[in-house]
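S.K.: Here it is: the structure, laid out below.
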Amino acid sequence: MLTCKEFLNSLNEYFDDNAAAEIRALVESHINTCPNCWVILDTTRKTLQIYKGMEPQPLPPGLHDRIMSALDKRK
Amino acid sequence: MHQAETGSLDDLALVHQAKAGDIGAFGELVSRYETRIYRLARNIVALPQDAEDVVQNAFLKAYSKLDSFQENSKFYTWLVRIAVNEALMKLRRRKSSKTVSLDEPIDTGQDELPREIAVWESTPESQYSQTELREILDKAIDDLPPIYRAVFLLRDVDGLSTEETAEALDLSIPAIKSRLLRARLKLRETLTGIFKRKGDDIFAYL
């Protein structure tokens, strides 16, 4: 059984797509018995989802052309 | 070469053409990566005008140093390394009294432990406009030390692997992992302050 500190240290690995089944099982069994860590896991997951779901900032108008013309001058 | 022809080539082929003097091939690389590099720059330096300078300087520097690109890493990873250095230089100039480095020692105080533990509204993002949400998310990143910003952006937003991020930032893999965990927990903490379920506060007064 993981302690809360060990749970925190395993969080990164847990969110890794290639996480070992063993780590997943350990983390999941910890959060089933520890409501605070359940909340931390849930809100961390949502944090990552919300950032991944953001559309990238549109490129400022004219930036591409400015880069290209600066490159042309370097030729 | 026309865009239709360059568009289907892989990065390395374009690099070879650009090394041989084909500026159009390099232009295709600019088109491919300028949005991602801009997002990275914008989140490290915060000011839009500074971010534009960073992107432009990064591509100019990449073009002039292209001959030194060894091709044993991905072009994008190499480009990110240049862009992050440009961004940090920009930050240093802005805060000339304070050194900004990816190697800054990390404080090991209590602040890494989660303090704010509260469930969120079920879909907090739907309560804000896209513009408001972007401001919230950008502000949260801006509150991170620069060392964490780059790691979080590259790993969790841009989708680079731990190894690629380590290479791009010239940091060790354990350093990337510890910075990523702290960045994630700090962002979670900040967003919880904003997105937590409102009714839960009541219990604090009982």
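S.K.: What are the residues in the stretch B:110-134 that are under 21 Å from residue A:11 (Cβ atoms) and either outside any loop (DSSP other than H, G, I, E, B) or at pLDDT 85 or above (or both), if any?
M.R.: Within the stretch B:110-134, the subset under 21 Å from residue A:11 (Cβ atoms) is B:110-120, B:124.
B:110, B:111, B:112, B:117, B:118, B:119, B:120, B:124 - these are the residues of the stretch B:110-134 that are under 21 Å from residue A:11 (Cβ atoms) and either outside any loop (DSSP other than H, G, I, E, B) or at pLDDT 85 or above (or both).
S.K.: Right, next: Just one of the numbered conditions (1) without any contact (Cβ under 8 Å) to a residue 24 or more places away in the chain; (2) not in a helix (DSSP H, G or I) is not true of residue B:17; which one?
M.R.: The one condition residue B:17 does not meet is (2).
S.K.: Oh, and also: Among the numbered conditions (1) within 14 Å of the chain's Cα centre (by Cα); (2) within 12 Å of chain A (Cβ to nearest Cβ), tell me where residue B:77 comes up short.
M.R.: (2)
S.K.: Can you tell me which residue in the stretch A:34-75 is surrounded by the most Cβ atoms within 10 Å (Cβ to Cβ), limited to those that are among the charged types (D, E, K, R) and under 21 Å from residue B:41 (Cβ atoms)? Give the derivation first.
M.R.: Pass one, the stretch A:34-75, residues among the charged types (D, E, K, R): A:42, A:45-46, A:52, A:55, A:65-66, A:72-75.
From what is left, the residues that are under 21 Å from residue B:41 (Cβ atoms) are A:52, A:55, A:65-66, A:74.
Numbers: A:52: 10, A:55: 8, A:65: 9, A:66: 13, A:74: 9.
Here the residue is A:66.
S.K.: Determine, yes or no, whether residue A:48 is in a helix (DSSP H, G or I), touching a Leu at 6+ places or on another chain (Cβ under 7 Å) and not polar (S, T, N, Q).
M.R.: Values: in a helix (DSSP H, G or I): yes; touching a Leu at 6+ places or on another chain (Cβ under 7 Å): no; not polar (S, T, N, Q): yes.
Answer is no for this residue.
S.K.: With the checklist (1) within 13 Å of the chain's Cα centre (by Cα); (2) open to solvent by 40 Å² or more (accessible area, probe 1.4 Å) in hand, flag the one item residue B:144 doesn't pass.
M.R.: The single condition residue B:144 does not satisfy is (2).
S.K.: In the list B:184, B:188, which residue meets the criterion of being touching a residue at least 60 places away in the same chain (Cβ under 8 Å) and within 18 Å of residue A:52 (Cα to Cα)?
M.R.: Values: B:184 fails: touching a residue at least 60 places away in the same chain (Cβ under 8 Å).
After applying the criteria, what remains is B:188.
S.K.: Being within 9 Å of chain B (Cβ to nearest Cβ), part of a helix (DSSP H, G or I) and within 20 Å of residue B:174 (Cβ to Cβ), is that true of even one residue in the stretch A:54-74?
M.R.: Looking through the stretch A:54-74, none of the residues is within 9 Å of chain B (Cβ to nearest Cβ), part of a helix (DSSP H, G or I) and within 20 Å of residue B:174 (Cβ to Cβ).
S.K.: Shifting gears a bit: If residue B:175 passes every condition in (1) touching a residue at least 40 places away in the same chain (Cβ under 8 Å); (2) more than 21 Å from residue A:46 (Cα to Cα) but one, which one does it miss?
M.R.: The failed condition is (1).
S.K.: State the number of residues belonging to the stretch B:42-62 that are open to solvent by less than 40 Å² (accessible area, probe 1.4 Å) and within 12 Å of residue B:138 (Cα to Cα).
M.R.: Looking only at the stretch B:42-62, we keep the residues that are open to solvent by less than 40 Å² (accessible area, probe 1.4 Å), and these are B:43-46, B:50-52, B:54-55, B:58-60, B:62.
In the following step, the residues that additionally are within 12 Å of residue B:138 (Cα to Cα) were identified as B:43-46.
Going through the stretch B:42-62 one residue at a time, the tally reaches 4.
The values are calculated or read from the model by the stated rules, or taken from the named source; none is laboratory data. This structure is a prediction, so every number in the text was calculated from the model and none was measured. Ideal geometry is used to build each Cβ from the backbone, glycine not excepted, and the neighbour counts take in all protein chains shown. SASA here: full protein model, heavy atoms, side chains in, ligands and nucleic acids out. Shrake-Rupley method; radii C 1.70, N 1.55, O 1.52, S 1.80 Å.
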